[in-house]
Structure formats: C-alpha cells, structure tokens
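Inspection log for the structure reproduced underneath, given as structure tokens.
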Amino acid sequence: MSYGVAAALQRAVFQRLRADSALDALVGVHIYDALPTGALPPLYVVLGAEDVRDASDKTGAGAWHQFTVTVVTQSAGFATAKAAAAAVSDALVDAPLPLDRGSLVSLHFLKAKAARVGSGAVRQINLIFRARVADDT
C-alpha cells in the first residue's frame, strides 16, 4: 500500500476547486483546506475527511481515496448550497488532475448527504468522491 500520494491529491483537488470559475462565482475565495479562525462567510467549501484503502497490485503501489468536500451555508433552504455542491461536483468528476507525486487513475462522485446542522439555519452538504491513484514515483 502507499499513502504517499495523499498530500499530492489533496493539493490538486484544492487547486482545482480554487481555479474553477463556476465555483468562484458562487463562493469566491471561500474554499478552505482548514477553517480559518473568526467569523465564517455565509457560504463556503471545506475539504474534509479522507478514508484510504490499498489498491496495490503486481504492477505497482496505489490506493483508493474516498474523500469529503463539504459545502456550508447560512442561507435559508438548500438552493444556494446545492448550486455550490453541483459546481464542486462538476469541477472534480473525471477531472484530469495533475499530481506532483504519482498519478490520478480515476475520480468520480460516490454520494452526498444534505442536512440541517443543529436547530439553526445552517445547511451542509457532504459530497463524497472516490479517487484511484497510482504511486508511480
């Protein structure tokens, strides 16, 4: 197994989201790898949890990365969050992400869950993606 491509995949996903014009029109620069301190904007995207499984075979090391990208909004209803979530999905699915270590074999959408957070007006959509990477360094 190789976890060696994890950081490269995360950087590539983050850069892809930051460079996407449709997502930029909705959330601007409010795409985070880690949440900033202080007040948060009314709509933002944050990279989340990751689960990695071995996908090595006799041709080389590799892994399946299942990772979460979360869209959070304080707007009433889910329309704004769903528009941003669709832009995230459009930006990532089958994207030819260049990695600075290893290579991306595939990247696809796995599932999503939209929910209210607590009793307030916060809405959150967790998008789960699955990437297959090869550690062909």
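Each row is one residue, and each column tells you yes or no for (1) more than 25 Å from ALA19 (Cβ to Cβ); (2) among the hydroxyl-bearing types (Ser, Thr, Tyr); (3) under 13 Å from the mean Cα position of the chain (by Cα).
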{"residue": "LEU92", "(1), (2), (3)": "no, no, yes"}
{"residue": "PRO98", "(1), (2), (3)": "no, no, no"}
{"residue": "VAL105", "(1), (2), (3)": "no, no, no"}
{"residue": "HIS108", "(1), (2), (3)": "no, no, yes"}
{"residue": "ARG116", "(1), (2), (3)": "yes, no, no"}
Practice problem: Among residues belonging to region 13-63 that are more than 18 Å from ASP94 (Cα to Cα) and among the basic types (Lys, Arg), point out the one that is nearest to the chain's Cα centre (by Cα). | Solution: ARG53
Practice problem: Show the residue pairs that are 6+ apart or on different chains and have beta-carbon atoms under 8 Å apart, the first residue being within region 27-40 and of a type in the set (D, E, K, R), the second being surrounded by 10 or more Cβ atoms within 10 Å (Cβ to Cβ) and outside any loop (DSSP other than H, G, I, E, B). | Solution: ASP33/GLN10; ASP33/PHE14; ASP33/VAL46; ASP33/LEU47
Quiz prompt | Hits in region 1-31 - residues which are outside any helix (DSSP H, G or I) and crowded, with 17+ Cβ neighbours inside 10 Å | solution = SER2, VAL5, ASP20, HIS30, ILE31
Practice problem: Considering only region 87-137, state which residues are closer than 19 Å to SER56 by Cβ, in contact with a Lys or Arg (Cβ under 8 Å, 6 or more places away or on another chain) and basic (Lys, Arg). | Solution: none
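Where a number appears in this text, it was derived from the coordinates with a stated rule and is not lab data. Predicted, not measured: the structure shown is a model, and the values here were computed from it. Cβ: placed from backbone, ideal geometry, glycine included. Neighbour counts: every protein chain shown.
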